[in-house]
Amino acid sequence: MTPEQVAQAVADAVSALVAEGAIAVDSVPEARVERPKSREHGDYATNIALALAKPAGRNARDVAELVAARLRVVPGFSAAEVAGPGFINLRLDSAAQGEVARTIVEAGPAWGRGTVLSGTTVNVEFISANPTGPLHLGHTRWAAVGDAIARVLEAAGADVTREFYINDRGVQMDKFGASVMAAANGRPVPEDGYHGGYILDLAAQIVAERPGILDLPDVEQHVAFREAAYAVQLREQQQVLELFRTRFDVWYSEQGLYESGAVERGLARLREQGHMFEQDGATWLRTTDFGDDKDRVLLRANGEPTYFAADTAYYVDKRARGFDLAIYLLGADHHGYVNRLRAVAACAGDDPDRSIEVLIGQLVKITRDGVDIKLSKRAGTIVTLEEVVEEVGVDAARYTLARFPVDSPLTLDVAEMVRATNDNPVFYVQYAHARISSVLRNAHELGIDWLAAEFDPALLDHERENNLLGMLAEFPRVVASAAELREPHRVARYLEDLATAYHRFYDVCWVLPRGDEELAGIHVARLWLCAAARQTIANGLALLGVSAPERM
RNA sequence: GCCCUCGUAGCUCAGUCGGAUAGAGCGACCGCCUCCUAAGCGGUAGGCCAUGGGUUCAAUUCCCGUCGAGGGCACCA
């Protein structure tokens, strides 16, 4: 019996009581069925009676007793007890609980997938770094989390597009080009330019590929360097992200926004909706009508569009491309954008609560042996994504960054990440997977075909088996809540708990026949349980973009 | 000054759409491998859940104030 079925049984019991007139309420309040923290409180517990007591004008424990009495006779339940202020603690019989293993094995890779977001087309935009340098550890967090959010949304049934917005236009690009050009000509990089060591490499690479570039007049040379350096940098970012197993469906160029006419179309859309006005020679968007602190300039007095105009056009373009929901993953240094982006959606005629969502991620604080490191492309003190991958590996890096909620500040010690890779919880989870794989391999070598043998779930009645089964049954709910809350870290935390449940089971419950022991029903049942656990861990790790090794 | 996010074990952090004795990892200490992977399991030590009020049958969780940390407040990008 799955938690959903338990919840259904509780709901049915309450409806029956209401129909009989045993409990008088206008509507049945929402109640929760959850796994109690303490196993003494049963396999599942519900607070339905506490929620029902007030509207029914009854004592909570009395209501609980009425509901419990009905649940006791439902097949699959072995106990229903009233406890504390009015909780109902439920126990399943081992056959009902054990059936979960069969459900999981039969579902395979589809186990955990759901439909809560079916029919929703979502655009998830993340990283969107300037193509003026390598991606660093800060971006790495958005890569890991953004990709995991996309995966989790897909698991919940959404149609997801991963998108990277390339800021390939404007002042920063010019400074970048000027920096590379200066380096190539042996001149000092401008004060406000980019000073990282990679600038020199970039300059040398470009000159080697195009020796004539240094003979061009200054203006042309600047453009040539800017474009060449941009191309190299973008390609590098794409390659590194590929290495990090983070693929984007769309790389969207800011420059392209202008070339395709999307900016004009976006402004036209806003004009139609009637939220634009002229003042001091500039064209503004009245975002204050929708919660922004101040109105924003779209076209400067000199006629040039602002960066905000591009942002606006970009949003309108996303909607025009058919996305129901645009999710933006931004760093905390951009949180001032939230209100204005929502205002943009409203100005474009959308309901911001439905069509736009801005997730603010706290910045990663990086230390090395306890000493703060400032990440600055311009100062050249960066820890790149590539270095992180080389030092700790993709799995460990992705997992470490994805196991924390994005809105919590995070301190990572680079030295510790490298030194203590074995302490990374990812290995704990992966180890459980490898361990199970080994057991199943051994079973195969012993000639045991557990999949074809008869599986009697009632045999899984050990406390550790029961606990493991309960954990496994939670997986779909974890995936669904991770998707709805955009919090993939819940999957990671769940996997750690699941791995613990497995290790504890493994420690006490021997799976395979020992020595010349005959194959018995318990061996088969435990193999089904192992297979279910392995499938769940593999599916969960896949949602985080982390591999599930057969051996370690 | 105004706004956003955050304050939980020595350290890094979970938990909190209100629920029954607050958790993990690391670090410290003590146990467990003649047979399925010890990258594991068991145990000990470690907390006024920043602080003061409020709402509630019930607050670490929701609301307000205070203190502290980080970030943001451009016709920059």
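Laid out as a table, the results:
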{"item": "Filter pass, A:Leu50 being within 8 Å of RNA strand B (Cβ to nearest atom), part of a helix (DSSP H, G or I) and at negative phi", "result": "yes"}
{"item": "Residue that is most open to solvent (accessible area, probe 1.4 Å) [pool: residues in region A:402-437 that are of a type in the set (D, E, K, R) and modelled with pLDDT of 90 or more]", "result": "A:Arg435"}
{"item": "Count - residues of region A:217-274 that are touching an Asp or Glu at 6+ places or on another chain (Cβ under 8 Å), open to solvent by less than 60 Å² (accessible area, probe 1.4 Å) and not in a helix (DSSP H, G or I)", "result": "5"}
{"item": "Filter result (aliphatic (A, V, I, L, M), surrounded by fewer than 17 Cβ atoms within 10 Å (Cβ to Cβ) and within 8 Å of RNA strand B (Cβ to nearest atom)) within region A:479-511", "result": "A:Val508"}
{"item": "So A:Glu474, is it open to solvent by 20 Å² or more (accessible area, probe 1.4 Å), more than 30 Å from A:Leu330 (Cβ to Cβ), of a type outside the set (A, V, I, L, M) and not in a helix (DSSP H, G or I)", "result": "no"}
{"item": "Top-ranked residue of region A:292-310 - restricted to ones that are open to solvent by 50 Å² or more (accessible area, probe 1.4 Å) and touching a residue at least 40 places away in the same chain (Cβ under 8 Å), ranked as farthest from RNA strand B (Cβ to nearest atom)", "result": "A:Asp293"}
{"item": "Inter-residue pairs, beta-carbon under 7 Å, first in the same structural domain as A:Trp510 (by TED's automatic domain parsing) and in region A:444-462, second of a type in the set (A, V, I, L, M) and open to solvent by 60 Å² or more (accessible area, probe 1.4 Å), 6+ apart", "result": "A:Ile448/A:Leu519"}
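The values are calculated or read from the model by the stated rules, or taken from the named source; none is laboratory data. In this text, all values refer to a predicted model and were calculated from it rather than measured experimentally. Methodologically, a virtual Cβ is constructed for each residue, glycine included, from the backbone with ideal geometry; neighbour enumeration extends over all protein chains shown. Only protein heavy atoms, including side chains, enter the accessible area calculation; ligands, DNA and RNA are left aside. Shrake-Rupley method; radii C 1.70, N 1.55, O 1.52, S 1.80 Å.
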